[in-house]
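The values are calculated or read from the model by the stated rules, or taken from the named source; none is laboratory data. Remember, predicted model here, so these are calculated numbers, not experimental data. Reconstructed Cβ throughout: ideal geometry from the backbone, glycine too, with neighbour counts over all protein chains shown. Accessible surface areas use protein heavy atoms only, side chains included; no ligands, DNA or RNA. Shrake-Rupley method; radii C 1.70, N 1.55, O 1.52, S 1.80 Å.
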Amino acid sequence: LNILVDTGSSNFAVAGVPDPDVTSYFDAELSSTYRSEGIEVTVKYSQGSWTGVLGTDVITMPKGIYGSYTINIATILESENFFLPGVKWHGILGLAYDALAKPSSSVETFFDSLVRQAKIPNIFSLQMCGAGLPVSGSGTNGGSLVLGGIEPSLYTGDIWYTPIKEEWYYQVEILKLEVGGQNLQLDCREYNADKAIVDSGTTLLRLPEKVFSAVVQAIARTSLIQEFSSGFWTGSQLACWDKTERPWALFPKLSIYLRDENSSRSFRISILPQLYIQPILGIGENLQCYRFGISSSTNALVIGATVMEGFYVIFDRAQRRVGFAVSPCAEVDGSPVSEIEGPFTTADVASNCVSSVSFHEPVLWIASYALMSLCGVILLVLIILLLIPPRCQHRYTDNDVVNDESSLVRHRWK
């Protein structure tokens, strides 16, 4: 089975029944090692969801980590907008923290199981090679997942690390964005509203709405295109050029500044237009069409595949940091399409661009506090009634039952 590597969720799951959009599935009844836990689990993503049953099975690694290991695995029995027409994968490997695991954080994640049983270092790294790039030379567009370490042949130059702000998603702190070398001049908290994460399971670079609008305006202002359809920026339309043209020369470089481990310094990761103006399909013999690899988001800045394809990304859980280095497979026509530069001073930005109180689901929190306030008022009324002289009290019979149960559930959605 082909498995989607997702650093933005925490369950390992594979298709467990036939599905029109998958070519293969795991038939648990034919397995001698699979054990069902009989626990139903549902996972929702920003797009799509699935419902399945938790179980355990035995895995071996193809190379480097020898032995057999028992891990949690969900068999997907129903799904909606999860397996899509034309996808080449049959399941998902969630590599985020157990805080995101469903139905609860007590479900040990795949990687935590491997670290505990195989005694490998608590670090993995990911090189994504060109899902949106044309393959050049002898390279592949598969990339590499390295469990337990860092592979020197997968990057060039230095690795720059930024701290993980909270261990659920790989949440980082973004200090500013530049388009064509020009600072967007937004409050740095706008870039982290309500979180900024590194997520290989998200295809595009997703930006909070205010940041997205500023980026689109800056790209349109600095590009060499006078008139451009708004549908291109919103993702509803493609832009097409003659196949002999290279439209990337018309667009600016995009830079993201991340706080360094030394909080008084920062570094920037930059992607050239070859990564965010993405070739999709050709029309006839003469036209090549492209999509905009950036979209808006209501609840996060997501460094997705659009950016990650330019870098070798290290998820150093042991030292609570994410590292970036230039990937040698991020080349188009023999030229690099990603850059890392630093260090830069952080004197011009706030000392903390992430809210100290993380309201990951603001609406749920507001509702929760409203309910608690209501319960407090009801409790106060009950106390007052208890203190009123007996002649004013209601005479309760044995059949009267006062039962107040409340449950505040914090759902984390990708």
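Restricting to region 295-305, name every residue that is closer than 18 Å to Gln217 by Cα and surrounded by fewer than 23 Cβ atoms within 10 Å (Cβ to Cβ). Show your work before the answer.
In the first step, residues of region 295-305 are kept if they are closer than 18 Å to Gln217 by Cα; the result is 295-297, 301.
Scanning region 295-305 gives Ser295, Ser296, Ser297.
Which residue pairs have Cβ atoms under 6 Å apart, sit 6 or more places apart or on different chains, and have a first residue in region 81-106 that is free of Cβ contacts under 8 Å to residues at least 24 places away in the same chain and assigned to a loop (DSSP other than H, G, I, E, B) and a second that is polar (S, T, N, Q) and open to solvent by 20 Å² or more (accessible area, probe 1.4 Å)?
That search, which allows pairs on different chains as well, returns nothing.
Any residue in region 161-174 that's free of Cβ contacts under 8 Å to residues at least 12 places away in the same chain: show its pairings with residues that are among the small types (Gly, Ala, Ser) and in a strand (DSSP E or B) at Cβ separation under 7 Å, as long as the two are six or more apart or on different chains.
Final answer for the pair search is none.
I need a count of the residues in region 32-61 that are under 14 Å from Ala74 (Cα atoms), more than 26 Å from the chain's Cα centre (by Cα) and among the small types (Gly, Ala, Ser).
Of the residues in that region, 2 qualify.
Keeping to region 15-66, report how many residues are small (Gly, Ala, Ser) and open to solvent by 40 Å² or more (accessible area, probe 1.4 Å).
Narrowing region 15-66 to residues small (Gly, Ala, Ser): 15-16, 24, 28, 31-32, 36, 38, 46, 48-49, 52, 55, 64.
Next, from what is left, pick out any that are open to solvent by 40 Å² or more (accessible area, probe 1.4 Å): 24, 32, 36, 38, 46, 64.
Residues in region 15-66 being small (Gly, Ala, Ser) and open to solvent by 40 Å² or more (accessible area, probe 1.4 Å): 6 in total.
Quick check on my filter: what residues within region 107-129 are closer than 30 Å to Gly38 by Cβ, aliphatic (A, V, I, L, M) and out of contact with any strand residue (DSSP E or B) (no Cβ under 7 Å at 6 or more places or on another chain)?
Val115
On the given criteria, is Thr202 buried (at least 22 other Cβ atoms within 10 Å of the Cβ) and in contact with a Gly (Cβ under 6 Å, 6 or more places away or on another chain)?
Yes, satisfied.
Please go through (1) outside the structural domain of Asn299 (by the TED database); (2) open to solvent by 40 Å² or more (accessible area, probe 1.4 Å) for Glu166 and return the number of the only condition it doesn't satisfy.
Condition (1) is where Glu166 drops out.
What pairs can you find where one residue is in region 302-313 and over 17 Å from Gln278 (Cα atoms), the other is part of a strand (DSSP E or B) and charged (D, E, K, R), and their Cβ atoms are less than 7 Å apart, with a gap of 6+ or different chains?
Pairs that qualify, where the first residue is over 17 Å from Gln278 (Cα atoms) and the partner is part of a strand (DSSP E or B) and charged (D, E, K, R), are Val302/Arg206.
Considering only residues of region 306-331 that are open to solvent by 10 Å² or more (accessible area, probe 1.4 Å) and hydrophobic (A, V, I, L, M, F, W, C), which is modelled with the lowest pLDDT?
Cys329
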